[in-house]
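Below is one structure, written out as structure tokens, with a few remarks after it.
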There are 2 protein chains.
Amino acid sequence: MKRVAAALAALAALSAQAQSAPFAIAVHGGAGNFTRADLPTETERQRLAVLAESLEAGRRVLAAGGTSLDAVVAAVRILEDSPHFNAGKGSVFTSAGTNEMDASIMEGRERRAGAVAGVTTVRNPITAARAVMEKSRHVMLAGRGADEFAKEQGLEIVAPSYFRTQERWDQLQRAKERAGTPLDHDAPKGGAAKKTTTLAADEKYGTVGAVALDKAGNLAAATSTGGITNKRHGRVGDSPIIGAGTWAENESVAISMTGTGETILRSAAAHDVAALVKYKGYTPQKAADEALARVKALDGRGGAIVMDRTGEVAFSFNTTAMYRGLAKGSAPAEIHIYR
Amino acid sequence: MKRVAAALAALAALSAQAQSAPFAIAVHGGAGNFTRADLPTETERQRLAVLAESLEAGRRVLAAGGTSLDAVVAAVRILEDSPHFNAGKGSVFTSAGTNEMDASIMEGRERRAGAVAGVTTVRNPITAARAVMEKSRHVMLAGRGADEFAKEQGLEIVAPSYFRTQERWDQLQRAKERAGTPLDHDAPKGGAAKKTTTLAADEKYGTVGAVALDKAGNLAAATSTGGITNKRHGRVGDSPIIGAGTWAENESVAISMTGTGETILRSAAAHDVAALVKYKGYTPQKAADEALARVKALDGRGGAIVMDRTGEVAFSFNTTAMYRGLAKGSAPAEIHIYR
């Protein structure tokens, strides 16, 4: 009887701890150089509503004691399903007029990770990334192999036309007009820093992502994108790259990045944030700011959301705006677009 | 006249400096758990000869005042052309019986980078990675888009059958027999750490890579691979991932990794080495050892070659053997397989 009572007391204490354990989720919907004047009021209202819905979906999972992995997937799925963001439905077009999507996910306890690049038929690329992590021996699958795997796993498959929106199609036409000639031929020889400027100009709003901390103290991060307008068939950006667009480890932080993918890749930016926290003892904010300064030094633009195991959150961006939000415990969600 | 004399003197000084400036190249041909008894003497002799040829090709470039980029490409091409290593000709087979190759390259001055994943027709995947870096707006191309780009760039295109060797084909059959059922279905649920053990067993020798320092003081790194035997169509390992398999920046080090790609990816291992050098002031050796310890903590095996701007070199591996070599200035090349 004594042992049963002790066990019950321990259980009650654990439950109380779980009740009071901090949990939080932060999301982003891309960063870009635009101002309030560029965005119609109604569009702004709709996007804020989708960000709120995404945050609440993640928060519900966490409040119920679910994992940070489940939370970031729930949050990102909503952003993918909305035509307002450049991921899933509403993804930008390649120069070939197709939608090729990238996504990745990572969890902080065992550093498990999964990623897909160039998928064209999975309704929610983030669920494909998660399936690669949990159901395959691999971390990353690209192209048709990734689509085939998603189908085998019973994920929802859609016709490529599902992802098409008129707005993104028009954006591609404008990008092609601006480019004049095929874009890959006017790149200055060896001038990698220069190239990215033209890419950035197209990215008014972009990639989506989420980072979360669950009651068990585990971090997770997820990122999903349609990439960059007028990209070449087969182009892989930073979003599906573990260490560039996405990183999570309990000993430091969870990160999701957005911005000019090429410069983020060349900076291993997500892992750089984690390394600055681990190896230099920086706060998440200071680490994110410094990692983005290194991206900016390559003429890159973008933003990061970062979370540590105490639920401390950093938003950092070197653009004029980043769609972003935070839901911490039961506190009201905070959602912002501009500085 | 005075000015001409001064200019000539300056030129002579510069030339003398260039003559005496340190330069070095290191290469690897993969790490694995095997001993001298596992390797026929004649095969060992042939592999040592290819490593020597690769080193000398890189050294010739550097001695003549060429760039570290040119040197690592020259060295890696020779390893790709040899059927003795798992890159280019002699690449391992996917479960579908095809050869899908990955490669990446990075230079340390501006952190420019290029990568290809899943190419099937480019004779030297490392040249395709370099073309992506220098001739496209992107850092990474995957699948058919990467092959198409390589062809557009005038790189040497071969029939997929060029890469086939009987030895690798037999290796695939053995891997399939061992696996019994399709490999992706017997992965333990969520057991990412466990999964890699079966992958490692196949990797007797693998991926190739090079790091170099040129007389101008610039670092570069390159990595090329056929991946892992019996991999799924579309699988991307660490080798084409900037920050995982390859990294170079003049402010820290150049790195090329080899081993169980999934665990190297989940460790952002190449960037981790650089971060430990930059942020903790570690020597290249200590940084490589610690980064590999983090890979090993995920049940991963492999090795790294690391070089800094003084030409200091570190070889680190947690397997019994790693094909490796070093040519520093005009000193005799050092080539080793075992500890």
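The values are calculated or read from the model by the stated rules, or taken from the named source; none is laboratory data. Because the structure is a prediction, the values reported are computed rather than measured. As a convention, Cβ positions derive from the backbone with ideal geometry for all residues, glycine included, and neighbour counts pool all protein chains shown. Heavy atoms of the whole protein, side chains included, go into the accessibility calculation; ligands, DNA and RNA do not. Shrake-Rupley method; radii C 1.70, N 1.55, O 1.52, S 1.80 Å.
Some values worked out for this structure:
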read-out	value
The lone exception for B:Asp102 - which of (1) in contact (Cβ under 8 Å) with a residue 60 or more places away in the chain; (2) open to solvent by 20 Å² or more (accessible area, probe 1.4 Å) it fails	(2)
Residue in the range A:80-88 that is within 11 Å of chain B (Cβ to nearest Cβ) and either buried (at least 23 other Cβ atoms within 10 Å of the Cβ) or free of Cβ contacts under 8 Å to residues at least 12 places away in the same chain (or both) present	no
Filtered residue count, the range A:273-293, keeping only those that are more than 9 Å from chain B (Cβ to nearest Cβ) and in a helix (DSSP H, G or I)	12
Residues located in the range B:286-339, provided they are free of Cβ contacts under 8 Å to residues at least 40 places away in the same chain and hydroxyl-bearing (Ser, Thr, Tyr)	B:Ser316
Residue check, A:Val72 open to solvent by less than 10 Å² (accessible area, probe 1.4 Å), among the hydrophobic types (A, V, I, L, M, F, W, C), within 10 Å of another protein chain (Cβ to nearest Cβ) and within 16 Å of A:Ser256 (Cα to Cα)	no
Residues of the range B:315-339 classified as under 22 Å from B:Gly237 (Cβ atoms) and either open to solvent by less than 20 Å² (accessible area, probe 1.4 Å) or touching a Cys at 6+ places or on another chain (Cβ under 8 Å) (or both), total	5
Identity of the residue in the range B:25-69, modelled with pLDDT under 95 and among the β-branched types (Val, Ile, Thr), that ends up least open to solvent (accessible area, probe 1.4 Å)	B:Thr43
Residue match in the range B:253-265 (condition: farther than 23 Å from A:Gly108 by Cα and assigned to a loop (DSSP other than H, G, I, E, B))	no
Qualifying residue in the range A:234-247 (condition: assigned to a strand (DSSP E or B), modelled with pLDDT of 95 or more, open to solvent by less than 10 Å² (accessible area, probe 1.4 Å) and more than 10 Å from chain B (Cβ to nearest Cβ))	yes
Filtered residue count, the range B:56-70, keeping only those that are more than 16 Å from B:Ile126 (Cα to Cα) and assigned to a helix (DSSP H, G or I)	6
Options B:Val73, B:Val4: the member that is within 30 Å of A:Met140 (Cβ to Cβ), out of contact with any Gly (no Cβ under 7 Å at 6 or more places or on another chain), assigned to a helix (DSSP H, G or I) and among the β-branched types (Val, Ile, Thr)	B:Val73
Residues satisfying the stated conditions in the range B:229-245, i.e. more than 14 Å from the chain's Cα centre (by Cα) and within 21 Å of A:Gly118 (Cα to Cα)	B:Lys231, B:Arg232, B:His233, B:Gly234, B:Arg235, B:Val236
Members of the range A:304-339 found to be polar (S, T, N, Q) and in a loop (DSSP other than H, G, I, E, B), listed by number	A:Thr310, A:Asn318, A:Thr319, A:Thr320, A:Ser330
Scope the range A:120-164; condition farther than 27 Å from B:Gly259 by Cα, open to solvent by less than 50 Å² (accessible area, probe 1.4 Å) and part of a strand (DSSP E or B); matching residues	A:Val122
Verdict on A:Asp214 being open to solvent by less than 10 Å² (accessible area, probe 1.4 Å), within 12 Å of the chain's Cα centre (by Cα) and among the acidic types (Asp, Glu)	no
Restricting the range A:165-185 to residues that are facing another protein chain (nearest Cβ under 9 Å) and crowded, with 17+ Cβ neighbours inside 10 Å, the residue that is farthest from B:Gly300 (Cα to Cα)	A:Leu183
Check on A:Val277, touching a strand residue (DSSP E or B) at 6+ places or on another chain (Cβ under 8 Å), open to solvent by 10 Å² or more (accessible area, probe 1.4 Å) and either at pLDDT 95 or above or of a type in the set (A, V, I, L, M, F, W, C) (or both)	yes
Number of positions in the range A:93-112 that are in a strand (DSSP E or B) and within 14 Å of A:Ser224 (Cα to Cα)	6
The range A:155-182 residues that are under 24 Å from A:Val132 (Cα atoms), paired with ones that are among the acidic types (Asp, Glu) and modelled with pLDDT of 95 or more (beta carbon under 8 Å, 6 or more apart)	A:Ile157/A:Asp147
